[in-house]
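Reading through the structure tokens given below for one structure.
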């Protein structure tokens, strides 16, 4: 559920911003909310805003899905097997602090401009929190789960599907929720820095054309997009994952 009380502070800030802009209390370079809305409306009508939004969402979600698949699989294995954790764990800790944006030159050499470039960098940035949270969730399971699964002579796959995932999916989803914000940030950053597509590139193009109102409008729209993605993740948690966890138990 969206708490409308949470919109009070943003509404007051926007109102104050508008008043300050109209009275000349702030420089023209800071624009005004009403002018941003006009600029975004024009961009929406000419199709540039929907196209840029779809491009950014495409890479954000594909990169996040790839990171989730790899992160959950690796995290489960590291959490289940102390041996694999001892072998792979140090490498995870070594690569985790590497800034994703530092891989842009290498990814550009491998993939060139386009979708694959952005997806690879987003996946690299998002996979680490998912691995860490998944591994921690599995390692924190009650030992009775393992004992029951062994007593029933379940295979590793059956143990994961019937016991481990239902018991840990809530905590794993927290990692995915964190990674969602990272995915959008990295997507827009890569588009600003090098990839000529999406909202990040639209911001740079508007800045080069000295369209200050549109630059601010794209920034606000990107923040709203992140908020909507977070609502989607929360909705999936409430409407599907909670039932899956209860059925598994």
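The values are calculated or read from the model by the stated rules, or taken from the named source; none is laboratory data. Owing to the predicted nature of the structure, the values given are computational and were not obtained by experimental measurement. We place every Cβ from the backbone using ideal geometry, glycine too, and count neighbours over all the protein chains shown.
Just one of (1) modelled with pLDDT under 90; (2) within 18 Å of the chain's Cα centre (by Cα) fails for residue 185. It is (1).
Residues that are part of a loop (DSSP other than H, G, I, E, B) and exposed (fewer than 14 other Cβ atoms within 10 Å of the Cβ) within the range 17-26 comprise 23, 24, 25, listed in sequence order.
All conditions but one from (1) modelled with pLDDT of 90 or more; (2) buried (at least 21 other Cβ atoms within 10 Å of the Cβ); (3) under 29 Å from residue 166 (Cα atoms) apply to residue 118; the one that does not is (3). Here the condition is being under 27 Å from residue 106 (Cα atoms), at pLDDT 80 or above and surrounded by 14 or more Cβ atoms within 10 Å (Cβ to Cβ); of 171, 177, 197, it holds for 197 alone. Which numbered condition trips up residue 113, out of (1) surrounded by 14 or more Cβ atoms within 10 Å (Cβ to Cβ); (2) at pLDDT 75 or above; (3) not in a helix (DSSP H, G or I)? Here residue 113 meets the rest and fails (1). In this structure, does residue 133 turn out to be touching a helix residue (DSSP H, G or I) at 6+ places or on another chain (Cβ under 7 Å), surrounded by 22 or more Cβ atoms within 10 Å (Cβ to Cβ), at pLDDT below 90 and closer than 24 Å to residue 163 by Cα? No.
Quick check: anything in the range 39-49 touching a helix residue (DSSP H, G or I) at 6+ places or on another chain (Cβ under 7 Å), assigned to a helix (DSSP H, G or I) and under 25 Å from residue 233 (Cα atoms)? Yes, the conditions are met somewhere in the range 39-49. From the list 8, 14, the lone residue that is without any contact (Cβ under 8 Å) to a residue 60 or more places away in the chain and surrounded by 12 or more Cβ atoms within 10 Å (Cβ to Cβ) is 14.
When you check residue 20 against the structure, is it modelled with pLDDT under 90 and over 30 Å from residue 141 (Cβ atoms), yes or no?
yes
Quick check on residue 51: is it surrounded by fewer than 16 Cβ atoms within 10 Å (Cβ to Cβ), free of Cβ contacts under 8 Å to residues at least 60 places away in the same chain, within 23 Å of the chain's Cα centre (by Cα) and more than 30 Å from residue 162 (Cβ to Cβ)? For residue 51, the condition - surrounded by fewer than 16 Cβ atoms within 10 Å (Cβ to Cβ), free of Cβ contacts under 8 Å to residues at least 60 places away in the same chain, within 23 Å of the chain's Cα centre (by Cα) and more than 30 Å from residue 162 (Cβ to Cβ) - is met. Residue 29 - would you say it is without any contact (Cβ under 8 Å) to a residue 24 or more places away in the chain, part of a helix (DSSP H, G or I), out of contact with any strand residue (DSSP E or B) (no Cβ under 7 Å at 6 or more places or on another chain) and surrounded by fewer than 18 Cβ atoms within 10 Å (Cβ to Cβ)? No.
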